[in-house]
Amino acid sequence: MPDGTTNNIQRIIDTYEPPLVPDDGELPPIVVAINPIGGGNTDPAQRTRDNLAMMAGAHLYHMVRRAGAAAIMTRADDQPPLPLAEFCEEHAATLAVSILFEDEAKARVDAQSEDTLSASLARHMAESMSARHDAEEPRASARTVLRIPAAMVCFSYRAIETSPTLPREHALRIYHGIVAFVREHEDALRVTHGHRRCIPHLPSQTWDEQIVSAARRIWPDDDLPLDKAPWFAGMFRAAILHDRSMVHFEPRITVAGDTVVIGGATSIELLVGTLRDALLSVGVERVTNEMRLLPRQGRLDGPPFGICAATSALTYDAPTADAGVQSQILRGEPLWLLDRDSGHYLAHAADGYCGWVRETAVRAVAEDEFDTSVTTASGKSYPSVFAAALDLLNRPYVFGGIAPIGLDCSGLV
């Protein structure tokens with residue numbers, strides 16, 4: 001490696017300052033609602049402001065969770081946020097912080113609620129920012145009326161030109177304001193939290209053995225009654241694929257007379273006949289398999305090629321607004337389109353994850369443009385790679401995340 005490159009790498013290491021990692025327990029188990037204002041805009045400049053708000057909100061999200069509290073965000077992509085008042089009520093939020101980027105020269109903090117503690121929350125926010133941002137005195141805001149302590153922090157969009165790390169710095173100052181506020185009023189705040197854990201499963205049987213074993217664990221008795229076939233299909237799907245993030249397998253069951261008809265679709269040819277075999281193994285005599293193999297039998301209007309057209313978009317495990325999140329895609333990412341339903345594409349992303357993404361976030365393209373977009377990272381200098389790697393130190397693991405604000409193993413690659 002050239003001496004100049006080595007010196008540059010050493011300089012980056014010597015000058016690197018990792019982001020704050022809060023101590024676990026620094027916050028009690030409260031619920032903090034984070035509201036990055038924006039989303040749904042088509043103007044490029046406004047979309048940039050909206051994305052900065054979401055970046056700052058995401059950094060704050062991880063700080064709050066690391067400190068021992070629960071954090072919830074009103075939006076996680078470029079769509080408009082959920083109504084704040086209803087969102088906070090539904091999730092039993094303890095306090096709320098809205099984040100906005102504007103063209104004003106000075107940062108400011110607005111009390112955003114009629115709650116008697118909102119002025120105190122806004123004051124702590126202003127105090128935590130005054131050293132760097134010269135925030136104005138907290139003022140009442142008529143934008144949103146909530147019944148919990150709430151404040152809106154407005155940052156100057158102009159300042160981002162001087163430092164690309166400002167969203168993280170803004171989040172840190174908001175976090176310090178939350179900590180100071182909670183310490184002063186902890187006894188008056190509601191305390192609520194929750195968590196869940198995922199345990200991986202490593203199968204030790206062959207594929208055929210797994211099918212029969214899973215079927216008999218679900219139905220160990222004699223023959224499966226036909227009216228239990230839809231229930232059995234759901235249980236079999238959950239048993240045979242513990243991690244469905246990279247595989248689409250959605251069987252649909254109907255019973256016609258003495259015959260069980262298998263519909264639905266899958267992206268893996270091996271899975272097309274598994275449910276049929278499972279049903280036969282538990283005593284169902286007549287099974288008609290009409291499961292579609294995607295994308296060959298998908299409901300697409302053209303070739304199965306697309307590119308993410310949104311700044312970022314979430315993928316879901318079903319084509320509905322209330323479905324569970326699968327992963328995240330970013331602007332320009334090539335997508336292998338598998339199916340289409342209810343205003344969503346079923347897409348296989350470049351990182352291997354499969355999920356439903358809204359049609360407006362996808363631009364269908366011809367095969368040659370798709371091939372051009374499928375590129376690997378090349379031509380990166382050693383200093384830039386080291387700088388990027390160092391900047392990811394202390395970033396939290398987030399399943400499905402591919403952005404610097406939170407990522408998993410495949411997101412890192």
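The values are calculated or read from the model by the stated rules, or taken from the named source; none is laboratory data. Please read these numbers as outputs of a predicted model, since none were measured by experiment. Glycine also receives a Cβ, built like all others from the backbone with ideal geometry; neighbour counts cover every protein chain displayed. Note: areas computed on protein heavy atoms with side chains; ligands, DNA, RNA excluded. Shrake-Rupley method; radii C 1.70, N 1.55, O 1.52, S 1.80 Å.
Report yes if some residue within segment 87-99 is among the charged types (D, E, K, R) and either at pLDDT below 80 or open to solvent by less than 10 Å² (accessible area, probe 1.4 Å) (or both); otherwise report no. Lay out the reasoning, then the answer.
To start, the set of residues in segment 87-99 that are among the charged types (D, E, K, R) comprises 89-90.
Going one step further and asking which of them are either at pLDDT below 80 or open to solvent by less than 10 Å² (accessible area, probe 1.4 Å) (or both), we end up with none.
There is no residue in segment 87-99 that is among the charged types (D, E, K, R) and either at pLDDT below 80 or open to solvent by less than 10 Å² (accessible area, probe 1.4 Å) (or both).
Could we say that residue 360 is over 22 Å from residue 59 (Cβ atoms), assigned to a helix (DSSP H, G or I) and modelled with pLDDT of 85 or more here? So residue 360 fits the description; yes.
Residues of segment 298-353 that are among the aromatic types (Phe, Trp, Tyr) and open to solvent by less than 30 Å² (accessible area, probe 1.4 Å): 305, 345, 353.
Summed over segment 73-86, residues that are surrounded by fewer than 20 Cβ atoms within 10 Å (Cβ to Cβ) and either without any contact (Cβ under 8 Å) to a residue 40 or more places away in the chain or of a type in the set (A, V, I, L, M, F, W, C) (or both) total 6.
Being crowded, with 17+ Cβ neighbours inside 10 Å, at pLDDT below 80 and not in a strand (DSSP E or B) narrows it down to one of 148, 174, 160, so name that one. Write out each step before concluding.
Values: 148 fails: at pLDDT below 80; 174 fails: at pLDDT below 80.
The unique qualifying residue is 160.
Restricting the first member to segment 301-319 and to residues that are under 14 Å from residue 342 (Cβ atoms), and the second to residues that are open to solvent by 40 Å² or more (accessible area, probe 1.4 Å) and of a type in the set (Gly, Ala, Ser), the beta-carbon pairs closer than 6 Å and six or more apart or on different chains are 319/342. Checked against (1) open to solvent by 30 Å² or more (accessible area, probe 1.4 Å); (2) touching a Leu at 6+ places or on another chain (Cβ under 8 Å), residue 30 passes all but a single condition, namely (1).
All conditions in (1) touching a helix residue (DSSP H, G or I) at 6+ places or on another chain (Cβ under 7 Å); (2) in a helix (DSSP H, G or I); (3) under 21 Å from residue 338 (Cβ atoms) hold for residue 270, with the sole exception of (1). Find the residue count for segment 246-297, including only residues that are among the β-branched types (Val, Ile, Thr), buried (at least 20 other Cβ atoms within 10 Å of the Cβ) and more than 35 Å from the chain's Cα centre (by Cα). The qualifying residues number 3.
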